[in-house]
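First the structure, in the form of structure tokens, and then the observations on it.
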Amino acid sequence: MKRLLSLLRPRRAATSSRSSQTPPLVVVGLRNPGRKYEGTRHNVGAEVVDILSERWTAPFKGGPGRVSAEIAVHHLEHRRLVLVKPYAYMNESGRAVVSALQYFKAGIEDLLVIHDDIDLPFARLRLHSGRGSGGHNGIKSIVAATASQEFWRLKVGVGRPPGQMDPSDFVLRPFGKSEREEVDFLVRDAADVVERFPTDPDSSVEMASLRRVE
């Protein structure tokens, strides 16, 4: 644990030319792996990184042995962006995230996690750093594994469950036909936010907040 925490603490100025380079931005799209979960609300974060992978012609590949995730790497201006889709289920995402941070020598401040949020109105976006998990099991797992809340999150609003439906059942359901077209626009808008983030975080925060359903 001590070694892990030392890797995730903010870095001091480095002396070697290699370590003085800007660390990559690690962008994690949370999901449950497996075909049966594709298109579900819980997997919308993974849909966003899939869009980025397609835009950048940076295909996902199996990560190195130490990283339990699919990985895609892209150079955007003067910084590498590492896209991550964990192999683990949502409530075990933390270990995969830590393994990616360790392998790419990134700190907690270099982490951006994209995930669904039932407390955010449908098709809205919110980008912020820190705060609690909001009850999201994937975020809970990452907070526990990194011993920190100080990472960036891009929340994707998937709406509230109807009636008395259990939220855990709701997020494992696919979007309805009437929602799917808007979700296709939503994930592209979320990808736009991520693309702007490395060079202008403040602008990307505003950009996410202005996202509305037409």
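Things worth noting here:
- His75-Glu150 FRET efficiency (beta carbon distance; Förster radius 22 Å; 0.05 resolution): 0.30
- Computed from backbone phi with θ = phi - 60° and the Karplus coefficients 6.51, -1.76 and 1.60, the 3J(HN,Hα) list for segment 153-159 is 10, 10, 8, 10, x, 10, x Hz; x is used for glycine and proline.
- Listed residues Gln149, Gln21, Gln164, most fluctuating in the chain (Gaussian network, C-alpha, under 10 Å): Gln164
- For segment 33-90 and segment 103-156, distance of Cα centres in Å: 16 Å
- Cα-projected label distance for Arg66 with Val213, points at 7 Å along beta-carbon direction, nm: 4.4 nm
- Measuring against 19 Å, Cα to Cα, the residue pairs Lys36/Lys177; Lys85/Lys155; Lys140/Lys177; Lys36/Lys155; Lys36/Lys85 contain Lys140/Lys177; Lys36/Lys155 as the ones spanning a longer distance.
- Cα-centre dipole for segment 22-209 with unit charges at Cβ (Lys and Arg positive, Asp and Glu negative), debye to 20: 540 debye
- Cβ-based net charge around Thr199, under 11 Å, with every Lys or Arg adding one and every Asp or Glu removing one: -2
- Length gained on full extension, Gln21 to Thr199: 62.5 nm, using 0.36 nm per residue less the C-alpha separation.
- In order through segment 29-45: 3J(HN,Hα) via Karplus (6.51 cos²θ - 1.76 cosθ + 1.60), integer Hz, x for Gly, Pro: x, 5, 6, 9, x, x, 4, 5, 9, 5, x, 7, 4, 5, 9, 5, x
- Table column - 3J(HN,Hα) (Hz), segment 130-136, Karplus curve with 6.51, -1.76, 1.60, x for Gly and Pro: x, 6, x, 7, x, x, 7
- Over the residues of the chain, the helix contribution to mean residue ellipticity at 222 nm works out to -10000 deg cm²/dmol, using -39500 (n - 2.57) for each DSSP H run of at least 4.
- Among beta bridges from DSSP that stay inside the chain, the antiparallel ones total about 55%.
- Multiplying the residue separation of Gln102 and Glu181 by 0.36 nm and subtracting their alpha-carbon distance yields 24.7 nm.
- Listed residues Gly29, Gly134, Gly94, most fluctuating in the chain (Gaussian network, C-alpha, under 10 Å): Gly134
- The chain: most fluctuating residue of Glu181, Glu47, Glu70 per GNM, C-alpha cutoff 10 Å: Glu181
- DSSP assigns beta bridges within segment 115-194; of those with both partners inside it, close to 60 percent run antiparallel.
- Ordering 112-124, 56-68 by mean Cβ neighbour count within 10 Å, with the highest value first, yields 112-124, 56-68.
- Note on segment 22-209: Kirkwood hydrodynamic radius from all Cα pairs is 16.2 Å, rounded to one decimal.
- Taking Cα atoms only, the orientation of helix 177-196 departs from the longest principal axis of the chain by about 20 degrees.
- Sorting Met165, Met207, Met90 from the fewest to the most surrounding beta carbons within 10 angstrom yields Met165, Met207, Met90.
Each reported figure results from applying straightforward, stated rules to the coordinates on display, with no laboratory input. Everything numeric here is computed off the predicted structure, so don't read it as measured data. Positions of Cβ are generated from backbone atoms using ideal geometry, with glycine treated the same way; all protein chains shown enter the neighbour counts.
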